[in-house]
Each structure stands twice: as structure tokens, then as C-alpha cells.
Amino acid sequence: MTRVWLRWVPAAAASAVIAAGALAVPLEAGAAVNLPDKTPQEVLAMIGDSTVDTLSGTLEQTSRLGLPDLSMGGSAAGDDAASALELLTGTHTARVYLDGPGQARVQVMGRLAERDLIVNGTDVWLYDSKDNEATHLTLPADAGSRPAPAPGSPQTPAQLADKLLAELDPSTEVSVDADTEVAGRTAYDLVLTPRGNGTLVGAVSIAVDSETGLPLRVKVQARGETEPAFELAFTALSLAKPDAALFDFQPPAGADVREQALPEGTPQEGTPQKDTEHGDFPGTVSGTGWESVVGLPAGSVPAELTASPLYAQATEAVDGGRLLSTSLVNVLITDDGRVFAGSVPVSRLQAAAAGG
Amino acid sequence: MPSDPLVRAGNLPCARPAVGWDLFASELAVLFRRRRTWAMLLALAAVPVLIAVAVRLSSSPPEPGRGPPFLDRVTQNGLFVGITALVVCIPLFLPLTVGVVAGDTIAGEANLGTLRYLLVVPAGRVRLLLVKFAGAAAFCLAATLTVVVSGALIGAALFPVGPVTLLSGDTISVGESILRSLLVAGYVTVSLLGLSAIGLFISTLTVVPVGAMAATIVLSVVAQVLGALPQLEWLHPWLFSHYWLDFADLLRQPIAWTSFGDNALLQAGYAAVFGALAYGRFVTKDILS
């Protein structure tokens, strides 16, 4: 009788090894890391001090905002709204290559498809493998140079960190959580927790590489959820200089090549940058800090968007309008066409709509 | 008749030390002398031919973003025909043929009454399972190569051949594109090994080869249906069909090797579990035919 059971030992052993492996890998990733303690100021200063400008890595972005998954019934092919929403649902992987300020390449990898952004000096290329379409932009020659800091503004990263913390303090508690590991590198985990409880955001955590000060992961936790609502993290990272040929993009033969001029009104040398918060912004902001509600006047939403079946599918009817609800942000579109958005419960949006 | 029991069994006892290789050679000979195997390979070879001829005869070139991926590239570069055909074949045709071969491995011999002759060698059962699995793997390679090579040939005959555009928008030379096509063929072969192991296991459960074939094919369809349901996202990385279409990662610049490694690991896991299950079933089985 025992001999019969012995025959099944290999099958049981193989399954056990795989199960053990599947359990051990996440455990290993969460293994305790012990770094010398740092205060939030020091960690913020590390970010400011970071001099990393060459890297190649893989980024993974996961959104669990509670939006309907549109990848399945994506009937509206080529719909811009749908493709923008698609980036807000599910998981996306991108490879990033960086060499100095002037050379960068981002590859957003889809199934059997890829979207590329290549920056090489003043040349910017966008390539979409699905349509075999390339778009070319030329930047003004001095776009890469940074404006000199205004006199009186903080100069060193440490000063900047202090100033930032002082500004954040009334609304946000900044702390350093247990050390962690991202993409095989040890990291400090800087956590921003809103002090009030009128917001949907539970906490924002930023993992900062302990060696270089490079942010490796950003997680946004919604209140009352166990898994992060939004996560952007490196899954692989090398600080070596990437192959120079990667940035030398020639549009492939047969591709649709479009030359696009820079849109008018792009900040150029000399013209002061428009202050979008106060200058031309037509809407209103009520509340402060995490609980701010942004209001837009009637007519801000294009009629074609509200007419699309996607709109009806993604929003739900509430008192006074329709609500696009996610775990982090609520957007209320009132019956008269005004828009109120904020990281707050829907009742706050309705109050803002009634008050405005 | 190559599948004649006496011919096959007669090969075995004479060269005992190298009996595994002998058995493997005889298994390959039987497999590739079968008319059924040739019919399946011909059907697979016909897929790229159909695609190429249809595109060649149509008056307007295919629009980007419509039809199977890469279809619009075919008119610019014939070497894409093989890749387009692979995308078309992976969901159904390739698993179908692999299911037929893998489902037939043990049940077919049992059905023909040749199994007991194959087992005259001492400790022959494990070796027979390994040889049968290797035979199925060889068929996976042959099937994939058939699609890629026939696609490249018909593409070269009907369309211009030149530098190939990768998914990233970079172009590579004809020579490198042949190398990449072979890499893709290797990837797809590895992708099918898990299914072969499942077929081998099901084949040890029955003496009716058609049942084992059908069950294997049904499982490959079920895996893909489950893979399309977003509600089962936690399950997806465990499905043997999960990485099937990720061969496209080999068509990026630079090559993204992660999916190749993940796929190989997943398929090795399936081969280990179902190979061990097949062992557990087969060594205790009473061979009556």
C-alpha cells in the first residue's frame, strides 16, 4: 500500500516547491531592511541632493481607482477619452532610459504594441506602433537650461526641505516609515499623512533610494482601502549609462510622420510663465490643503464627452448631477454643466456646488 | 508500417546503454512519418500563405490598427508575414496541433496495443514518459518553425524584403530580423511545453486518444477564456497561456528578456507538476494493452 503512495511523492513535492517559491518571493521582497535612521528633513534633503542623471529602468504603474475596466469592451476605437482612461486602470509597464538632461526615452509597453517618447537634445519624437505613426517636435535650443533661482529663495536642498516641511506642517504629518526595498535597492520610506479626515487620501508614501536619493516608488493610499489606489515603482533599475543608439531615433520607413509645431503660448525665453493657479484659471478653489475643491464654470465639459456612452457608463446619478467616483478623487458634474472635483467625499462637492 | 509493434519493440533490447536515445530516435521517426503530423504541419504552413496571398490580392493596403497586429507592415516588409501568422495561430491552431500530439503520446500507444511492447525494457516507464515528452516538445518546435519559415518564404516571394521595423520604431537589418524570428520561434516553442506536459498527463489517464486530445485542447481554450476575465486577475500569472502573446517583447529595442524568463519558469513549473503527475499515474497503471 505504501508503495502506491510513494508514486505520488514527486507530484506532491513539485507542487510543494512551487507553492513555497510563490510564498517566499513576496516575503523576501518585504524582508526587513535596516538603514541608519534619518529624519524627514534629511530624507527630503537627499531627494534634493540627488544627482542621478543616467539610468535605465523598468517602471510599473498600477491603478486601483475603482474605475470600470475599459480594456475589454473598448468598442469606441480611437476614442481619446477611452485611451486616457485606459492609463488610469489596470497595470502598465514602461522602460525608462535617461542620459543627462538632454536625452531620454520612455517606452510604454502594451501587448503586441508600444508607445515611445524619445528626447534627444532639441528633437522630440513620439512613436506609436499600433498606428505606425511618428510625431516630431523641435524644442527651442535653450529649453534644457534651467532658470537661475530667484534671489532670496532657498539655495541648498536642506534649506528647501526645511521650507517645504514648514509649509506642509499645518495640513500634513511627515514621517519616515520602516525602511524598505524597491527594485533590489534599499530605501527610506517617506510618508505624508493628511492631518484632517475630510479627504479621501489616506497617505502618500515615497520610497527614496538610500544611496542616491532617487525616488524609487510613489504609493497613494486611499482611506479605508487595504491596497494602494495608485502605485508607480521601479521594478528594475540600473544607474549605468544607457546605449547612446537608443536616443538616436529615425522614423521607420513607411511610418506616418507628422511635423508638429510647438503650440502657441508655450513658455519661451523671456515670457513669464503664466500662473495657472491665479491668472487665467477660470474656476474657483474652495477649502485648503488636502480638502481643496476645484470648481469649473458651466461649459467646461465638452458636449461630445457627456454624450458618449462611456460617460453614462463611468458616472452615476447623484443629487444635483452625475458623479465620477474613484477611491481617490470624486468629480461632480452638475446638471447645469459645472464641474467640482476634489479628493473629498461627494457631500462636500454637493455643498460646494450649492454654495457656488 | 513504422508503428508496427514488432518493429518498434525490436529496436529496444539490442542497445541497452543508449536505449533512451534509441527510443527517442524511433519516437521521432514514428511521429514525423505519420501522415497526420504532416497534415497538421501543412495546415500550419498554409496560414501564413493565406494571409500573404489575401493581402497581396486586395486592392487597398491594410490600414494600421485594423486586423491582426503587424498586418499593415506586411506590404512593406514580407518578413512580417511569419510574425503575423504566429499571432493568428497562437490562440487556436498551435494549441490544437500540440494537443493532438501530446494527447496521443501514451493513450495512442495503448489504443494501438503497442504500449506493452514499449515497456519490455526494465525501468522503461519513466524513460518512456521522458521520451514521449521530448517527442511532443520536438513537435512544438517543428510546428512553430513551420509557421515562421513558411511565412518568411511566402513573404519574401510576394513582398519586398528590407529592414524590419520593431515595435519600438527602430529598424533592424534583414539578418538580425531572421535572428529575432528564430528567437520568437524559440519563445513560442517554450510557451507550448506546459500544454504538452498537461497533454501527456491526460494521455496517461485514458486509453482513448481522442478523449485525451480533446481534453487538452479544451483546457487550452479554458485557460485563455479565464485569462480574458478581469475578475480573475490574481489567477492570470498562473495560467500557462499567460505569456503566450508576450513573444512581442523580443521585437522591442532593446529586447525585454523578462517575459522570456518568466515564461520559461512558468512552463518549467507546469512541466514539473504535470510530468510528476503523469509519472504517478503511469508507473502504477496496469497496462492491459
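The values are calculated or read from the model by the stated rules, or taken from the named source; none is laboratory data. Here the structure is a predicted model, which means the values were calculated and not measured. Here the Cβ is made from the backbone with ideal geometry for all residues, glycine too, and neighbour counts use every protein chain on show.
For residues that are of a type in the set (Gly, Ala, Ser), in the same structural domain as A:Asp162 (by TED's automatic domain parsing) and modelled with pLDDT under 90, tally how many sit in the range A:10-58. So that I can check it myself, show each step before the final result.
From the range A:10-58, those of a type in the set (Gly, Ala, Ser) are A:11-16, A:19-22, A:24, A:29-32, A:45, A:48, A:50, A:56-57; that's our starting set.
Filter again for in the same structural domain as A:Asp162 (by TED's automatic domain parsing), leaving A:45, A:48, A:50, A:56-57.
Checking the rest, the ones that are also modelled with pLDDT under 90 come to A:45, A:48, A:50.
Total satisfying the criteria: 3.
For the range A:97-108, name all the residues that are surrounded by 18 or more Cβ atoms within 10 Å (Cβ to Cβ), more than 11 Å from chain B (Cβ to nearest Cβ) and touching a Gly at 6+ places or on another chain (Cβ under 9 Å).
Selection gives A:Leu98, A:Gln103.
Just the residues that are over 16 Å from the mean Cα position of the chain (by Cα) and at pLDDT 90 or above, please, taken from the range A:94-105. Can you show your working first?
Going through the range A:94-105, the residues over 16 Å from the mean Cα position of the chain (by Cα) turn out to be A:97-105.
A:Tyr97, A:Leu98, A:Asp99, A:Gln103, A:Ala104, A:Arg105 - these are the residues of the range A:94-105 that are over 16 Å from the mean Cα position of the chain (by Cα) and at pLDDT 90 or above.
Examine the range B:281-289 for a residue that is under 21 Å from the mean Cα position of the chain (by Cα) and either more than 8 Å from chain A (Cβ to nearest Cβ) or of a type in the set (Gly, Ala, Ser) (or both), and state whether such a residue exists.
Looking through the range B:281-289, none of the residues is under 21 Å from the mean Cα position of the chain (by Cα) and either more than 8 Å from chain A (Cβ to nearest Cβ) or of a type in the set (Gly, Ala, Ser) (or both).
How many residues, within the range B:236-289, are under 30 Å from A:Ala244 (Cα atoms), among the polar types (S, T, N, Q) and not in a loop (DSSP other than H, G, I, E, B)?
The number of residues fulfilling the criteria is 3.
Select, from B:Ala248, B:Ala228, the only residue that is under 22 Å from the mean Cα position of the chain (by Cα), within 25 Å of B:Val148 (Cα to Cα) and of a type outside the set (Asp, Glu).
Details: B:Ala228 fails: within 25 Å of B:Val148 (Cα to Cα).
Matching residue, one of B:Ala248, B:Ala228: B:Ala248.
Can you name every one of the strands (runs of 3 or more DSSP E) wholly within the range A:106-200 that holds 2 or more residues which are farther than 23 Å from A:Thr58 by Cα and at pLDDT 85 or above?
In the range A:106-200, the matching strands (runs of 3 or more DSSP E) lie at A:133-138, A:172-182, A:185-194.
Can you name every residue in the range B:241-282 that is hydroxyl-bearing (Ser, Thr, Tyr) and touching a strand residue (DSSP E or B) at 6+ places or on another chain (Cβ under 8 Å)?
B:Thr258
Run down B:Leu266, B:Leu250 and say which single residue is among the hydrophobic types (A, V, I, L, M, F, W, C), surrounded by 19 or more Cβ atoms within 10 Å (Cβ to Cβ), more than 11 Å from every other protein chain (Cβ to nearest Cβ) and touching a residue at least 12 places away in the same chain (Cβ under 8 Å).
B:Leu250 is the lone residue from the list that is among the hydrophobic types (A, V, I, L, M, F, W, C), surrounded by 19 or more Cβ atoms within 10 Å (Cβ to Cβ), more than 11 Å from every other protein chain (Cβ to nearest Cβ) and touching a residue at least 12 places away in the same chain (Cβ under 8 Å).
Go through (1) part of a loop (DSSP other than H, G, I, E, B); (2) away from every other protein chain (no Cβ under 14 Å); (3) more than 30 Å from B:Thr216 (Cα to Cα) one by one and return the number of the condition B:Val120 breaks.
(3)
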